[in-house]
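Undergrad: Sending over a structure as structure tokens; questions will come in a sec.
Every read-out reported here was derived from the displayed coordinates using simple, explicitly stated rules and does not represent laboratory data. The structure presented is a predicted model; accordingly, all values stated were derived computationally and were not measured. Virtual Cβ from ideal backbone geometry, glycine too; neighbours counted across all protein chains shown.
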Amino acid sequence: MSSEELKVAELVKRSSGRVIAFTGAGISAEVGIPTFRGRDGLWERYDPEELATPRAFRRNPELVWRWYAWRMSLIREARPSPAHELLARWESEGMLMGVVTQNIDGLHREAGSINLVELHGSIWRMRCTSCDLKLDLGFGRIPEEIPPVCSCGSIMRPDVVWFHEPLPSDAWSRAEELMGKAEVVLVIGTSGLVMPAASLPLMALGRGAILVEINPEETNLSRFARFRIRKGASEALQGVNRYLGGIS
């Protein structure tokens, strides 16, 4: 355990109920889910313009869906990390107000997070390209038909945000509302490169919140954080949690 973890534990305890977690790919990388950026990231091996844009889907929906089905097959073998589970536990205990995540893997929900904003959608949902019907597949369930077809006869697409698409307005509004109420934002496992999502912690900072970065590496958001724990998400949060038990 470290002095930084003790300071963060004291901060979380003092601001109990006004703490938000803002998470990125690093929190899920611990359980074997590939990240997109950085060394060995998916975008080093695959072209996002061919697999994660509206144009790519119009051109070859079967190719896009097979890529997503492959990713779903990887994710369904994973289980929430200790970091996912601790955030859900802190929420149930009233310390954490909610989680805003850039991840589409569904692991926060599997861990038990309730007040959850999935900014970029969920790989376990799909929506119709014509009538906008949404279907929740459930964690671990991959469509049997590729590409899947809606009852209206049109092709379904993954309910995720692709390159060149805006974030869903309802998810963005909920995230803004949470950031507006936060006294502390735990920025966990994100590079801070993806906009507009990465602007949310800065929005909270501008309203007086304290940023805590949990990441083994320096990021675009590091200079804005008052506290920086240079460890993986689970190791850091477990350390903070051990201190929490001794703070009255």
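Undergrad: Shape verdict for segment 198-248, please, from the Cα gyration tensor: rounded (a/c under 1.5), prolate (a/b greater than b/c) or oblate.
TA: It is oblate, given that a/c is not under 1.5 and a/b is not larger than b/c.
Undergrad: If one computes P(r) from the Cα atoms of segment 86-148, what percent of pairs lie at distances over 20 Å?
TA: 36 percent
Undergrad: Another question, if that's okay. 5 Å is the cut-off here: which amide hydrogens, built 1.01 Å from N in the peptide plane, fall below it relative to Val117, excluding neighbours closer than 5 in sequence?
TA: Those lying under 5 Å, H to H, from Val117 are Val99, Val100, Thr101.
Undergrad: Quick one: which residues, 5 or more positions from Ile155 or on another chain, have an amide H under 5 Å from its amide H? H modelled 1.01 Å from N in the peptide plane, none for Pro or chain starts.
TA: Answer set, sorted by chain and number: Thr129, Cys150.
Undergrad: Let me ask something additional. Taking the Cα atoms of segment 117-220 alone, what are Rg (to one decimal) and Dmax (as a whole number) in Å?
TA: Reported Rg and Dmax, both Å: 17.0, 50.
Undergrad: Taking other Cβ within 10 Å of each residue's Cβ, how do Thr219, Thr190, Thr101 sort, fewest first?
TA: Thr219, Thr190, Thr101
Undergrad: Suppose only helical runs count, i.e. DSSP H with n ≥ 4. What mean residue ellipticity at 222 nm does that imply for the chain under -39500 (n - 2.57) per run, divided by all residues and rounded to the nearest 500 deg cm²/dmol?
TA: About -10500 deg cm²/dmol.
Undergrad: Report, for the chain, the % of DSSP beta bridges that are antiparallel, rounded to 5.
TA: Around 30 percent antiparallel, to the nearest 5.
Undergrad: Given +1 on the Cβ of Lys and Arg, -1 on the Cβ of Asp and Glu, and no further charges, what dipole in debye does segment 92-248 carry about its Cα centre, rounded to the nearest 20?
TA: Here segment 92-248 has a charge dipole of around 440 debye.
Undergrad: Could you work out the Kirkwood radius for the chain, taking every pair of different alpha carbons, averaging 1/r and inverting it, reported in Å?
TA: 18.6 Å
Undergrad: Please report, ordered by residue number, every helix of the chain (full DSSP H runs) that is 20 Å or longer along its axis going by C-alpha atoms and whose mean Kyte-Doolittle hydropathy reaches -1.0.
TA: On the way: long enough: 61-75 (21 Å, 0.07).
Qualifying helices: 61-75.
Undergrad: Any idea how many Lys pairs in the chain come in under 22 angstrom at the alpha carbon, given 8 or more places apart or on separate chains?
TA: Details: Lys7/Lys181; Lys7/Lys231; Lys13/Lys181; Lys13/Lys231.
Number of lysine pairs found: 4.
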